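Where a number appears in this text, it was derived from the coordinates with a stated rule and is not lab data. The shown structure was predicted, so the numbers you read here are calculated from the model rather than taken from an experiment. We place every Cβ from the backbone using ideal geometry, glycine too, and count neighbours over all the protein chains shown.
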Amino acid sequence: MSEDLTQDAFLGGRLALWQPKQGYRAGVDPVLLAASVAARAGQSVLDMGCGAGAAALCLGRRVPGLELHGLELQPDYARLAERNSSENGLPLTLHEGDIAAMPAALKARRFDHVITNPPYFDRARGTAARDAGRETALGHADLTGWLEACARRLAPKGWLTLICRAERVPELLSGLPGYLGSVQLRPILPRAGRAAQLVLMRARHGGRAPFALHAGLVMHDGAAHERDAESYTPEVRAVLRDAAPLPFPED
């Protein structure tokens, strides 16, 4: 194993991903994102800002027969995504470039699903990412630009699905292009009774259904962490360990 990398198990060992020891490392966020995408065999999926490929490859492991693509700005992460794709036997077409200036081959495509785990920090408030990889990941797009770039890659009736920090929900809703509708939000709570820290959101190209705010997904049992053991709720444990889907309530 490279001194600069670790190989980590996802989905109960169904997927093994190489990641940098330092810098951005995938945790539960891309797994939850992948589990919430209602993709079917034969459909096309683009992961915008795919990093080492965690979300796209988790989705590909759960739903066989997808056409997977990823856009990544940083060459080191793009190479890791290609390596992870190859070693896990899950074809993933990598497009290397900036989300605000995509390769021509990608700009010519439209997809049934676009998924993304956008960089969380807010440059407008002077908040930098905690590591250089995360800082670089945003490229030349702010969050509104990121959403617009994602939406432009959607086919008619296609779905944009993302996971993001809860405090950025106002920006997410105001930054969505007007041709995306049927917006749904699902808060993610660390424990019952706690404030949401993350949200899952999806919107449909040309969707007309009213906005829906769903009940929150609770990550951990109990009011507090009381013992040195895993405390995920059964629904979350099934997603993380058994590659179970995490459908939006209206699916």
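Numbers at a glance
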{"read-out": "Fewest-first sequence of Ser36, Ser174, Ser231 by Cβ atoms within 10 Å of each Cβ", "value": "Ser174, Ser231, Ser36"}
{"read-out": "Long-range HN-HN contacts of Thr93 with modeled amide H, under 5 Å", "value": "Leu68, His69, Gly70"}
{"read-out": "Highest-MSF residue in the chain out of Met219, Met201, Met48 [GNM, Cα springs under 10 Å]", "value": "Met219"}
{"read-out": "Listed peptides 72-83, 103-114, 153-164 by packing density, highest first (mean Cβ within 10 Å)", "value": "153-164, 72-83, 103-114"}
{"read-out": "Amide H contacts under 5 Å for Leu5, placed H, 5+ residues apart", "value": "Lys21"}
{"read-out": "Correct option for Rg and Dmax of the Cα atoms in Å [calculated from the coordinates] among [x] 17.2, 52; [y] 19.2, 60; [z] 19.9, 64", "value": "[x]"}
